[in-house]
Amino acid sequence: MALLAGVQVAIQHNLYPLTIETDCLVLVSAFTSGSLDDSELGFLIEDLRASLSTITAPVRFVRRSANRVAHVIAKEAFSGPANLVFTTDPSRAVRRMLSSDCNDI
């Protein structure tokens, strides 16, 4: 659900180009297969496909270790206000993680 909400926010704010990275291989496989998903979360995949139908946005699998910033943001979202959106000024924890990621290259 967070992925769908993030995609919708990106589209609403014209944040292009958009690349979706997730550490959930099952999600990537289900999304890229193009087939109907009759699992419990199939409706989310269909909503994601519908949201992305008007733009080009690849959906890619990345290792969890390469997705650390997303996990920090998710953790902050669960413990913070209901409508947490970073537009221009990320939190100190996110800036620290981004700096760490950039220095690991």
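The values are calculated or read from the model by the stated rules, or taken from the named source; none is laboratory data. Everything numeric here is computed off the predicted structure, so don't read it as measured data. Cβ coordinates were reconstructed from backbone atoms using ideal geometry, including for glycine residues, and neighbour counts include every protein chain displayed. What goes into the accessible areas is simple: the full protein's heavy atoms, side chains included, and nothing from ligands, DNA or RNA. Shrake-Rupley method; radii C 1.70, N 1.55, O 1.52, S 1.80 Å.
Odds and ends about this structure:
- Modelled spin-label separation between Asp23 and Gln8, with each label point placed 7 Å from Cα along the Cα-to-Cβ direction: 2.6 nm.
- Shape category assigned to region 15-75 from the gyration tensor of Cα positions, a/c cut at 1.5: oblate
- For Arg60, the accessible surface of its heavy atoms amounts to roughly 120 Å² (probe 1.4 Å, protein chains only, rounded to the nearest 10).
- A cut-off of 5 Å between modelled amide H atoms, ignoring neighbours fewer than 5 places along the same chain, links Glu21 with Arg60.
- Largest accessible area first, the residues Asp23, Asp47 order themselves as Asp47, Asp23 under a 1.4 Å probe with ligands, DNA and RNA left out.
- Full extension of the chain between Leu41 and Leu98 yields a length gain of 17.5 nm, computed as 0.36 nm times the residue separation minus the alpha carbon distance.
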